[in-house]
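Everything below concerns the one structure shown next.
The values are calculated or read from the model by the stated rules, or taken from the named source; none is laboratory data. The structure displayed is predicted, hence computed values, not measured ones. Please note: Cβ atoms are built from the backbone with ideal geometry, for glycine as well, and neighbour counts cover all protein chains shown.
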Amino acid sequence: MSHVVKKRKLDKSRQDRLYFDSYSDVTIHEEMIADHVRTNTYRTAIQRNSESIRGKVVLDVGAGTGVLSIFCAQAGAKKVYAVEACSIAEQAVKIVKHNNMDDRVEVIRGTVETVDLPEKVEVIVSEWMGYALLHESMLNSVLYARDRWLKPGGVILPSKAELYIAPISDPVVEDRLHFWYTVKDQYGVDMSCMSDFAQRCIMNSDITVNSVTVEDVLSHPARFAELDLYSVTVEELRAVKGHFRCESFGSAAVNAFCVYFTVTFPCPDKPLVLSTSPFKPETHWKQAVLYLDAPVEVVQDTPVTGEVSMYPSEDSARHICIHVDYSIGEQKTQSKTFSIPDWSSEAQS
Ligand SMILES: C[S@@+](CC[C@H](N)C(=O)[O-])C[C@H]1O[C@@H](n2cnc3c(N)ncnc32)[C@H](O)[C@@H]1O
């Protein structure tokens, strides 16, 4: 039976409903709080910024369970507005009370774009990063909060985000492509003619979220974009782009790129970096893997160059697309556009 799945463009309120529903369940908050690299880096950054926080008014954009708001109160904030749009706000109220912080942390249920705070704030804290940094487009809400509620000279935690790319060789893909050549030995049926089809299916245009092993990274990663949260605009987020150049470490077959990000917290001594690099301890963001149409052989110092462009999908502004123009060695420029697969059944008809 043939089965056609057609993508439907979702209106903004439906996109937002699906998005906020995804944060109403315990699982995602469990995953985030259990991500020790993430949660502990925020905690340390807030503690190290206690000079800027003590006695000040803080806005936590997208407070979730209220964990960052409580860190800020523990660092001496006079008042924390914990703004959260979805029903997890009810749990945040309980957690705040349970920690005897309800005199300083006020949970406000609503979107940061619609709530009315009684005063402007000196500090904004937010954990807004999605897969490949920009998936979910939550940074737009932080920028709204900055422009509407942050006093001049106020602090944003984190204050900078950077995006990186590196060519990789995913051995699982190599094995899966090779598999069709092994069937004849096992069962006496030659299925090697499946290899082109397998390649098209496996090396598709989905952004795959996966943990990349250090040994599979084929060059030093190249930074292709930097966002200064004090100055970047919503308009600039409509296309975040930049060039890259890498040189391969040795002989291998490049079959994908991996994209990852860092965010940086200003600290009085030295900046603190939350990194999602494959060279650093794993986080729940893992890395975004973008498969080429076909593997390309490289040797030591083969240049891998190109341009990456990231922008919200036309179907849903909360979904990210990544377009890569790339050239490997002598190869002429190739182009491929990747998107996050639809995980929600409501996004299909
Ligand atoms: C990545 S989670 C972080 C939660 C919490 N700050 C933490 O660190 O565990 C982002 C949260 O922001 C909320 N959120 C996203 N956009 C928002 C907006 N415009 N206004 C209010 N809350 C928002 C989501 O519902 C979600 O709970």
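Could you list all residues from the range 154-171 that are surrounded by fewer than 23 Cβ atoms within 10 Å (Cβ to Cβ) and touching a helix residue (DSSP H, G or I) at 6+ places or on another chain (Cβ under 9 Å)? Within the range 154-171, Gly154, Val155, Ile156, Ala161, Ser169, Pro171 meet the criteria. Here Ala132 does not fit the description of being assigned by TED's automatic domain parsing to the domain that holds Met32 and either within 30 Å of Val240 (Cβ to Cβ) or of a type in the set (Phe, Trp, Tyr) (or both). Kindly indicate which of Arg48, Arg109, Arg38, Arg146 is near the ligand (Cβ under 8 Å from one of its atoms), of a type in the set (Lys, Arg) and out of contact with any Phe, Trp or Tyr (no Cβ under 7 Å at 6 or more places or on another chain). Matching residue, one of Arg48, Arg109, Arg38, Arg146: Arg38. Can you tell me which of Thr65, Thr27 is in contact with a helix residue (DSSP H, G or I) (Cβ under 9 Å, 6 or more places away or on another chain) and modelled with pLDDT of 95 or more? Exactly one of Thr65, Thr27 is in contact with a helix residue (DSSP H, G or I) (Cβ under 9 Å, 6 or more places away or on another chain) and modelled with pLDDT of 95 or more, namely Thr65. Take the conditions within 16 Å of the ligand (Cβ to nearest atom) and either over 30 Å from Gly242 (Cα atoms) or touching a Cys at 6+ places or on another chain (Cβ under 7 Å) (or both) and apply them to Ala161. Does it pass? So Ala161 fails the test.
For Ser137, the criteria (1) small (Gly, Ala, Ser); (2) surrounded by 23 or more Cβ atoms within 10 Å (Cβ to Cβ); (3) under 24 Å from Lys160 (Cβ atoms) hold in every case but one, which is (2). Listed by position, the strands (runs of 3 or more DSSP E) inside the range 91-186 whose residues that are of a type in the set (Ser, Thr, Tyr) and at negative phi number at least 1 are 121-126, 160-168.
Does any residue of the range 222-242 turn out to be over 30 Å from Val83 (Cβ atoms), modelled with pLDDT of 95 or more, in the same structural domain as Trp285 (by TED's automatic domain parsing) and more than 20 Å from the chain's Cα centre (by Cα)? For the range 222-242, residues over 30 Å from Val83 (Cβ atoms), modelled with pLDDT of 95 or more, in the same structural domain as Trp285 (by TED's automatic domain parsing) and more than 20 Å from the chain's Cα centre (by Cα): absent. Among the residues here, Ile320 does not qualify as at pLDDT 95 or above and more than 30 Å from Asp11 (Cβ to Cβ).
Go through the range 124-176 and give me each residue that's in contact with a Leu (Cβ under 7 Å, 6 or more places away or on another chain), β-branched (Val, Ile, Thr) and over 19 Å from Thr233 (Cβ atoms). Result: Val125, Ile168. Could we say that Phe279 is at pLDDT 95 or above and not in a loop (DSSP other than H, G, I, E, B) here? For Phe279, the condition - at pLDDT 95 or above and not in a loop (DSSP other than H, G, I, E, B) - is not met. Residues being closer than 25 Å to Thr39 by Cβ, exposed (fewer than 14 other Cβ atoms within 10 Å of the Cβ), in contact (Cβ under 8 Å) with a residue 12 or more places away in the chain and touching a Lys or Arg at 6+ places or on another chain (Cβ under 6 Å) are represented in the range 211-218 by at least one member. Taken over the range 75-119, the residue count meeting the criterion of being without any contact (Cβ under 8 Å) to a residue 24 or more places away in the chain and among the acidic types (Asp, Glu) is 4.
Looking only at the range 84-98, decide whether some residue is aliphatic (A, V, I, L, M), more than 12 Å from the ligand (Cβ to nearest atom) and crowded, with 16+ Cβ neighbours inside 10 Å. Within the range 84-98, one or more residues are aliphatic (A, V, I, L, M), more than 12 Å from the ligand (Cβ to nearest atom) and crowded, with 16+ Cβ neighbours inside 10 Å.
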